[in-house]
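**Student:** My questions all concern the structure below.
Read the figures in this text as sums done on the coordinates, not as results from a lab. This is a predicted model, so every value here is computed, not measured. Neighbour counts run over all protein chains shown; Cβ positions are idealised from the backbone, glycine included.
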Amino acid sequence: MTQVLYVYYRVEAADRADCVAAVRSAQAALMQHHPGLVAAVLSQVPGHTTLMETYAWSSAAPAVPPAWSALEAEVGARLGRWIVGTRHLELFEPCA
């Protein structure tokens with residue numbers, strides 16, 4: 001894996017379970033549609049109201065994978081009603 005996209009945001013505690021379910025559903029659809037994509041959702045401890053999605057390409061990634069922004073937008077569009085504030089995106093890659 002060369003780059004990892006991290007997307008984090010806050011949700012209300014009462015909405016956490018519904019939001020996580022929606023993220024998992026969206027990520028499963030993306031991984032099925034884009035072989036080689038590896039996605040997960042994490043919860044900040046303590047508090048559990050900050051969620052983080054992670055996206056990376058495995059060695060089975062296509063030669064020209066879709067843009068990160070397109071993948072993030074597809075998931076973000078499904079979560080708007082639960083997001084408190086904004087979704088923050090950060091792209092990391094291994095140190096040389």
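**Student:** Look through the range 26-59, keep the residues that are closer than 16 Å to ALA77 by Cα and free of Cβ contacts under 8 Å to residues at least 12 places away in the same chain, and return whichever of them is surrounded by the most Cβ atoms within 10 Å (Cβ to Cβ).
**Tutor:** ALA29
**Student:** Output the residue which, of all residues in the range 60-71 that are free of Cβ contacts under 8 Å to residues at least 24 places away in the same chain and part of a loop (DSSP other than H, G, I, E, B), is surrounded by the most Cβ atoms within 10 Å (Cβ to Cβ).
**Tutor:** ALA67
**Student:** Can you confirm whether the range 24-38 contains a residue that is of a type in the set (Ser, Thr, Tyr) and more than 13 Å from the chain's Cα centre (by Cα)?
**Tutor:** no
**Student:** If you don't mind, there's one more thing I want to ask. Just the residues that are in a strand (DSSP E or B) and within 15 Å of LEU79 (Cβ to Cβ), please, taken from the range 6-25.
**Tutor:** VAL7, TYR8, TYR9, ARG10, VAL11, listed by residue number.
**Student:** What number of residues in the range 15-25 are surrounded by fewer than 17 Cβ atoms within 10 Å (Cβ to Cβ) and within 23 Å of PRO65 (Cα to Cα)?
**Tutor:** Within the range 15-25, residues that are surrounded by fewer than 17 Cβ atoms within 10 Å (Cβ to Cβ) and within 23 Å of PRO65 (Cα to Cα) number 2.
**Student:** Could you figure out which of (1) surrounded by 14 or more Cβ atoms within 10 Å (Cβ to Cβ); (2) touching a Phe, Trp or Tyr at 6+ places or on another chain (Cβ under 9 Å); (3) farther than 25 Å from CYS95 by Cα; (4) not aromatic (Phe, Trp, Tyr) isn't true of GLU12?
**Tutor:** The number of the failed condition is (1).
**Student:** Please go through the range 33-42 and pick out each residue that is part of a strand (DSSP E or B) and farther than 17 Å from ALA17 by Cβ.
**Tutor:** Across the range 33-42, the qualifying residues are LEU37, VAL38, ALA39.
**Student:** Answer yes or no as to whether VAL45 is part of a helix (DSSP H, G or I), farther than 25 Å from CYS95 by Cβ and among the β-branched types (Val, Ile, Thr).
**Tutor:** No, not satisfied.
**Student:** Can you confirm whether the range 44-65 contains a residue that is in contact with a strand residue (DSSP E or B) (Cβ under 8 Å, 6 or more places away or on another chain), of a type outside the set (S, T, N, Q) and on the phi > 0 side of the Ramachandran plot?
**Tutor:** No, because not a single residue in the range 44-65 is in contact with a strand residue (DSSP E or B) (Cβ under 8 Å, 6 or more places away or on another chain), of a type outside the set (S, T, N, Q) and on the phi > 0 side of the Ramachandran plot.
**Student:** Filter the range 46-96 down to residues that are of a type outside the set (Val, Ile, Thr) and closer than 24 Å to ALA14 by Cβ, then give me how many there are.
**Tutor:** So the count comes out to 16.
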